[in-house]
Amino acid sequence: MSFDRSIKIAPSILASDFANFGAECAAVEAQGADWIHVDVMDGHFVPNITFGPATCAAIRPHIKGVMDVHLMISPVDSYIDAFAGAGADILTAHVEAGPHIHRTLQAIRASGCKAGVALNPGTPASAVAHLLDLTDLICVMTVNPGFGGQKFIDMSAKIQELRSMIGDRPVHIEIDGGVDPVTAPMVAQAGADVLVAGSAVFKGGSVSDPAPYGENIRAIRAAAEGVYV
Ligand code: DX5
Ligand code: ZN
């Protein structure tokens, strides 16, 4: 994985057909997705359950590019090797998931994955101030994690603060929750480069009619890049 700050659109398969993950991943990639965002929920850290490492391993062969795995689980450390073994490129853990996020990020890097750290809306930017050299991606949640299709919460001030804290370090800022063509310009302007979008990508399309996925991805990208089409 090479690093750059161009806008990347990462569809969340949380909004796709759960009986058809492989074909859904291939369809959004063919329609222009940059990364595939995979939401793992445990019914404990967040009030919803999705799937675990076996499903990630089953999805992996259907993704040509980056598999971005968002771990909404607690504890994290005992599952890192299983998700790395499932073929994740990036593993993102939440600051709020336990007392030892520093150790967790070290363990993720030791597993061979890029290390991401996620911040819930109520958690300040300062929570990652001492983690900047241990992380490859900071995920700013713009909804409370657990469900797709929620209303966007404006975190522009936090994004700007993180962007200046990061400086020249090769650290992505990813935004997760409620991203659509209306909210994308705000987060891009504040300094984000990876935009996760579930509902706004998958709405109106299907694996048998994937063209709307492409239209949706292009609309979010154009809005983020400041080109209104
Ligand atoms: C929320 C998940 C998000 C979510 C985004 O807990 O981490 O990835 O699926 O979905 P939308 O874009 O519908 O808000
Ligand atoms: Zn997510």
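Odds and ends about this structure:
- At the residue level, V128 shows approximately 0 square angstrom of accessible surface with a 1.4 angstrom probe and all protein chains present.
- Based on Cα contacts under 8 Å between residues 6+ apart, the chain shows a relative contact order of 20 percent.
- Once both labels are positioned 7 Å from their Cα atoms along Cα-to-Cβ, the gap between S78 and H100 label points is 1.2 nm.
- Available extension along the chain between R218 and F51 is 57.2 nm, counting 0.36 nm per residue and deducting the alpha carbon span.
- Take the Cβ atoms of E225 and K64, set R0 to 22 Å, and the FRET efficiency comes out at 0.45.
- Cβ charges +1 (Lys, Arg) and -1 (Asp, Glu), total dipole of the chain, debye: 160 debye
- log₁₀ of I(q)/I(0) at q = 0.08, 0.12, 0.18 Å⁻¹ - region 8-225, Debye sum with one point per alpha carbon: -0.24, -0.56, -1.34
- Once the chain from A127 to N20 is taken as fully extended at 0.36 nm per residue, the excess over their C-alpha distance is 34.8 nm.
- Accessible-area ranking of D180, D193, largest first, probe 1.4 Å: D180, D193
- Residue-level accessible surface for M72, protein heavy atoms, 1.4 Å, Å²: 0 Å²
- Rounded percent of accessible protein surface that carbon and sulfur make up, the chain, 1.4 Å probe: 54 percent
- M41 contributes an accessible area of around 10 Å² to the protein surface, as traced by a 1.4 Å probe with all chains present.
- Region 1-67-region 90-110 distance, computed between alpha-carbon centres (Å): 20 Å
- For the chain, accessible area per residue (1.4 Å probe, heavy atoms of protein chains only), Å²: 41 Å²
- Reachable lysines, given that their alpha-carbon falls under 26 Å from the alpha-carbon of K158 and they are not under 8 places away in the same chain: K8, K114
- Lys/Arg +1, Asp/Glu -1 at C-beta; the chain dipole; positive extreme among F202, S156, A58: S156
The values are calculated or read from the model by the stated rules, or taken from the named source; none is laboratory data. Only a predicted model underlies this, so the values are computations on that prediction, with no experimental measurement involved. FYI the Cβ positions are ideal-geometry reconstructions off the backbone, even for glycines, and counts take in every protein chain you see. Keep in mind that these areas ignore ligands, DNA and RNA; they rest on the heavy atoms of the full protein, side chains included. Shrake-Rupley method; radii C 1.70, N 1.55, O 1.52, S 1.80 Å.
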